[in-house]
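Data block below; observations after.
Please treat every number below as a calculation from the coordinates, not as lab data. Just so it is clear, the structure is predicted and the values come from calculations on it, not from any experiment. Cβ placement follows ideal geometry from the backbone for every residue including glycine, while neighbour counts extend to all protein chains displayed.
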Amino acid sequence: MNKTYAALMLTALAALAPAVARGHGLPIHVDGSSGVLTISGGLPLSAGYARQGFDYHEDAFLDLGPNNTQFTSLPGFQVTGVAAGSQLSLEVLARPDFTDVATPNRWLWFWDKETATLAVAPDDPLVRIASQKGFGDVRITQFTAPTTASSVKILEPNPGEIGSHQHPLLYFLDDSPAAKFGAYGFFARLTSPNYAASEPFLIALNYSLSPEEYDLASRTINSDARLPGDYDKNDLVNGGDFLAWQRTFGSTTELAADGSLNKVVDVDDLSVWKEGFGRSWPATPSLAAIPEPTGLSLLAWALLLMRLCKTGSGSFRHSLRTGSRE
Ligand SMILES: [Ca+2]
Ligand SMILES: [Ca+2]
C-alpha cells in the first residue's frame, strides 16, 4: 500500500465515523460449515441473476468525503463456520445486459436516479474495491475488464474475527467529474482455496437513492443480467422455465418467475418467457440439436402444458422431467 493510498484510507475512515455511529448496515453473512460458502442476510432478489443483494440498509449511502470522493465500507461481512486463517476473496463477475445485446458484458452497472432506468453512466465512472488490510484492490468500470485482477482477498479471519461484523473493504466511487446519483452495482461471489465458491450476489452502492428507488434499482439490475424468461437460472430459456412459472403462478413470495418485476407471478411473465424462448448464454451451437418447440408451435405447446398441469397431473410433470410417457 503506498502512502497516498494509506492516507486516503485513514482520512476516509475518520470521515466515516459519523455514518458508523448511525449503524453498520446489513452485513453479508458467510457460512462455510457445509463446505460451500453460503451467503445470506441480503435483500431477496429472486427475479434475476442473483438471489440476494447488498446493502439496502438506509445507512448504506455512499458518503461525501474529503476531496469529493464518495466511499463506503458497507456492506460488511460476518463470517462463520470457516477455519481461522482461511483465505476469502471477493471475485467480481461480468454479465451481459440482456436488454441491450449491442453492449459488451457489463462489469459495473448503473441505475440512473434521474431517469429511473438502467443506463450507461456518463464519464465511465470507476469503482475501486480496496482491501483495508492491504491485500490489494479491484478497479471496475462499466464495460472493460479490470486492469487489476478481478478478485481481491478480503479476509484471513483470526479467531476473534469469526462471527463478528467486519468491514474489510472500502468502496470508492471516482467523482471526477462528479458522479451522477443512482445505484452503482456489480455482481460478485466469494471464493476460497478451502471452500466451494458462493453463489453470485449483487452489491449495489446507493448514491442518494430513497429505499424505494434502491429497491427498484437493485431488482432492475438483477433482472437485466438474466436472460428474459430464464426462471430457473440456468442461462437457457426452455420448458423448464415454463414449469417454474406454472408452479408458482399467482405467488407474491416466490418470485423467481416474475419476469415483469411487478412482484406477482402472472400472465405477463408468460409473455416474457415466450419472447425469450430458445435463447441461451453463452450461445452454443450444440443447443440446436436439442429438440424444442419453436415458432408457431410455441404458444400451443405452452397452452397444452398449462391445461395439463392445471388438471393436477403429477405424472405428466414427471414424464416431462424424465422424457417418458405414462
Ligand atoms: Ca432456464
Ligand atoms: Ca409478474
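Setting aside same-chain residues fewer than 8 positions from Lys133, which aspartates and glutamates have a Cα under 18 Å from its Cα?
Glu91, Glu156, Glu161
Taking the alpha-carbon centroid of each part, what is the distance from region 173-210 to region 224-239 in angstrom?
Here the answer is 22 Å between Cα centres.
Separation between the Ala119 and Ala102 pseudo-spin-labels, each 7 Å from Cα along Cα→Cβ, expressed in nm?
Here the modelled spin labels are 1.8 nm apart.
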